[in-house]
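The next block holds one structure in the form of structure tokens; read it before the comments.
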Amino acid sequence: MFTRNNFKKLATVSCIAASIGFSSFASADTWRYAHEEYENDVQDVYAQQFKKYIEDHSDHTLQVYRFGELGESDDIMEQTQNGILQFVNQSPGFTGSLIPEAQIFFIPYLMPTDIQDVIKFFDSSKAINEDFPKLYAKQGLELLKMYPEGEMVLTTDEPVTSPDELKGKKIRVMTNPLLSSTYEAFGATPTPLPWGEVYGALQTNMIQGQENPIFWIESGGLYEVSPNLIFTHHGWFTTASMANKKFYDGLPDKDKTLIQKASDYAYDATIKHITGLAEESLKKIQSKSDKVTVTRLTDEQLAKFKARAPQVEKTFIEMTGDSGKALLDQFKADLKASQ
Ligand code: 6CS
């Protein structure tokens, strides 16, 4: 028989069940993370590892959006600043127009070429790990990690060995003003374009070249339409993962720690992933196309490009003032200390 006592028990159990259900529902959020690349590319590896850590260590779910699903790089940044997305991975190549100091990565010949030296720098740099987060915070962004993707390689319609041979060639650059200055200094005509327009512009000869790490030249099929690879050794493609700061600041400490740990976990996995990636990607390109040429510049040829670097550094300081100068000094000190 259903007694008054039974009814009380049932009511209590229901209340507990409801409150457990409610509390686990309240703490199990779905967060959205967008990046700029395709499946299994470097930013995707980072995002998938970040997701794995979050989902293995909490009740939260991370929904990852790849290139094109939510628009171009500038669109996903805007969506993050507006709080539609909680996380975004955007490269300084695009963030440079929002945070001028992020253009530091486009001063040619500032970064070392050897991957181990580059990794040591990212691991230990005060400029990267302490100064940049403050600059991003001013734009409503919580910088989680900056990480390298690969050495920049120039691709053109014909092999090039000197700034003189770049004269008259339209070279696509990401949309930050300093990168245009670099290619002007290299003798070319810089042409800023969002990523989605690059393949078509090369195919129709609207532009005669572009720069990117080799894994991307392979995965985006750029070698099909821009088959001459030139190792100018002038820089590394760097990127950054971040959160909407208002969202991040409003989280309980437990979730902030989770996100920081997930960032460290994703960073370590990504560094492993990029080690040897350029060599593997070059082999793939060469096995898929016999049109591809690889030009490795001699020291004498490199010197002609390197001689153009100081004017770009000067432009960086003009664009960013005291803040940029202080960052550059710190960057150089960190590079020296890490090598
Ligand atoms: O060149 C670009 O625009 C693209 N390159 C890489 C390596 N990642 C994303 C970015 O949009």
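Taken together, the values in this text are just the output of simple stated rules run on the coordinates, not laboratory data. Computed from a prediction, not measured in an experiment: that's the story for all the values here. Cβ atoms come from the backbone with ideal geometry, glycine included; neighbour counts cover every protein chain shown.
Can you classify the chain as rounded, prolate or oblate using the Cα gyration tensor, where a ≥ b ≥ c are the square roots of its eigenvalues, rounded means a/c under 1.5, and otherwise it's prolate if a/b beats b/c and oblate if not?
Prolate is the answer for the chain, as a/c is 1.5 or above and a/b outweighs b/c.
Hey, what do the phi angles of the range 58-71 turn into as Karplus ³J(HN,Hα) couplings, whole Hz, using 6.51/-1.76/1.60 and θ = phi - 60°, x for Gly and Pro?
Working through the residues one at a time gives 7, 8, 6, 10, 10, 9, 9, 10, 9, 3, x, 5, 10, x Hz.
Counting helices only, and only those DSSP H runs with n ≥ 4, report the 222 nm mean residue ellipticity of the chain as the sum of -39,500 (n - 2.57) divided by its residues, in deg cm²/dmol to the nearest 500. Working shown, then result.
On the way: 15 runs with 171 residues, N = 339.
Using -39500 (n - 2.57) per qualifying helix, the result is -15500 deg cm²/dmol.
Enter the angle in degrees (range 0 to 90, nearest 10) between the Cα long axis of helix 309-338 and the first principal axis of the Cα atoms of the chain, meaning the one along which they spread out most.
Its long axis makes an angle of about 70 degrees.
Alpha carbon centre of the range 129-151 versus the range 299-329: separation in Å?
21 Å
Mind checking which of Leu251, Asn205, Ser323 is farthest towards the positive end of the chain's charge dipole, using Cβ charges of +1 (Lys, Arg) and -1 (Asp, Glu) about the Cα centre?
Leu251
Of the GluC sites (Glu not before Pro) in the range 48-112, which ones lie in a loop per DSSP and count no more than 13 other C-beta atoms within 10 Å?
Of the GluC sites (Glu not before Pro), the ones in loops of the range 48-112 whose Cβ has at most 13 other Cβ atoms within 10 Å are Glu69.
Calculated FRET efficiency, Glu69 and Ala307, Cβ-Cβ r, R0 45 Å, to nearest 0.05? Mind showing how you got there, number by number?
On the way: r = 43 Å, r/R0 = 0.95.
After rounding, the FRET efficiency stands at 0.55.
Along the Cα-to-C-beta direction of Leu251, a point sits 7 Å from the Cα; which residues of the range 138-162 have their amide N less than 14 Å from that point?
Under 14 Å, as judged by backbone N against the label point of Leu251, lie 141-145 of the range 138-162.
What number, in percent, do you get for the relative contact order of the range 182-287 if the mean sequence gap of Cα pairs under 8 Å and at least 6 apart is divided by its residue count?
Answer for the range 182-287 is 33 percent.
Expressed as an acute angle from 0 to 90° and rounded to the nearest 10, what is the orientation of the C-alpha long axis of helix 253-274 relative to the principal long axis of the chain?
40 degrees
What ³J(HN,Hα) values, in whole Hz, does the Karplus curve 6.51 cos²θ - 1.76 cosθ + 1.60 give for the range 179-195 when θ = phi - 60°, with x put for Gly and Pro?
5, 4, 4, 4, 6, 5, 4, 7, x, 8, 9, x, 10, x, 9, x, 4
Roughly what % of DSSP beta bridges within the range 170-329 run antiparallel, to the nearest 5?
0 percent
What is the gain in length, in nm to one decimal, between Asp329 and Glu197 on full extension, counting 0.36 nm per residue of separation less the C-alpha to C-alpha distance?
44.0 nm
How large is the charge dipole for the chain, taken about the Cα centre, if only the Cβ atoms of Lys, Arg (+1) and Asp, Glu (-1) carry charge, to the nearest 20 debye?
Working: 34 positive and 47 negative charges, 193 e Å.
About 920 debye.
If you fit an axis through the alpha-carbon atoms of helix 42-57 and take the longest principal axis of the Cα set of the chain, what angle between them do you get, 0 to 90°, nearest 10?
Approximately 20 degrees, to the nearest ten.
Take the chain, connect every pair of alpha-carbon atoms lying under 10 Å apart with a spring to form a Gaussian network, then pick out the residue of His273, His233, His35 with the largest mean-square fluctuation.
It is His273.
Below 8 Å, C-alpha to C-alpha, sequence gap of six or more: please give me the relative contact order for the chain in percent.
24 percent
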